[in-house]
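Here is the structure we will look at, set down as structure tokens.
The values are calculated or read from the model by the stated rules, or taken from the named source; none is laboratory data. Just so it is clear, the model here is predicted, and its values are computed rather than measured. Cβ: placed from backbone, ideal geometry, glycine included. Neighbour counts: every protein chain shown. Please note that ligands, DNA and RNA were not included when accessible areas were found on the heavy atoms of the full protein model with its side chains. Shrake-Rupley method; radii C 1.70, N 1.55, O 1.52, S 1.80 Å.
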Amino acid sequence: MSFFNIYVERENMEFYQPILCSFCGKYGRYEAYMEYHVLRFFCIPLFIVKKKFFAVSTCCNNVYLIKNREKGFMIKRKQGHNVFLLEKDLELLTENDCHGTEAAL
């Protein structure tokens with residue numbers, strides 16, 4: 001029996017940035033969330049490690065890593081109205097094929 005466990009948890013953040021997607025060319029928005037690991041002793045959370053911030057485009061559901069951690073923490077502190085994510089702040093993690101859906105119609 002293990003007394004210490006590590007769980008991955010996800011927290012949605014209040015951030016909505018309208019975009020013209022450079023990947024699919026449609027209008028959408030970025031929605032942000034944070035994933036982190038929680039070290040627990042039995043059911044008691046001790047501390048949080050490995051915070052990572054992500055953005056998802058609503059037009060094609062691509063997932064981006066927010067490389068600029070300072071902007072991620074600003075979004076977390078509910079200062080998202082002061083944050084504008086640029087392409088240099090993002091790294092594409094999962095690419096969804098949104099071009100094939102229009103060709104099938």
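The set of residues in the stretch 74-88 being of a type outside the set (Gly, Ala, Ser) and not in a loop (DSSP other than H, G, I, E, B) consists of Met74, Ile75, Lys76, His81, Asn82, Glu87, Lys88. Tell me which of these Glu91 doesn't satisfy, since it passes every other one: (1) in a strand (DSSP E or B); (2) closer than 19 Å to Glu11 by Cβ. Checking Glu91 against (1) in a strand (DSSP E or B); (2) closer than 19 Å to Glu11 by Cβ, the one that fails is (2). For the stretch 35-71, taking the residues that are in contact (Cβ under 8 Å) with a residue 24 or more places away in the chain, open to solvent by 20 Å² or more (accessible area, probe 1.4 Å) and not in a strand (DSSP E or B), the one that is farthest from Asn12 (Cα to Cα) is identified as Phe42. Checking each residue in the stretch 1-34 for being touching a residue at least 24 places away in the same chain (Cβ under 8 Å), surrounded by 14 or more Cβ atoms within 10 Å (Cβ to Cβ) and in a strand (DSSP E or B) picks out Met13, Phe15, Gln17, Ile19, Gly28, Arg29, Tyr30, Glu31, Ala32, Met34.
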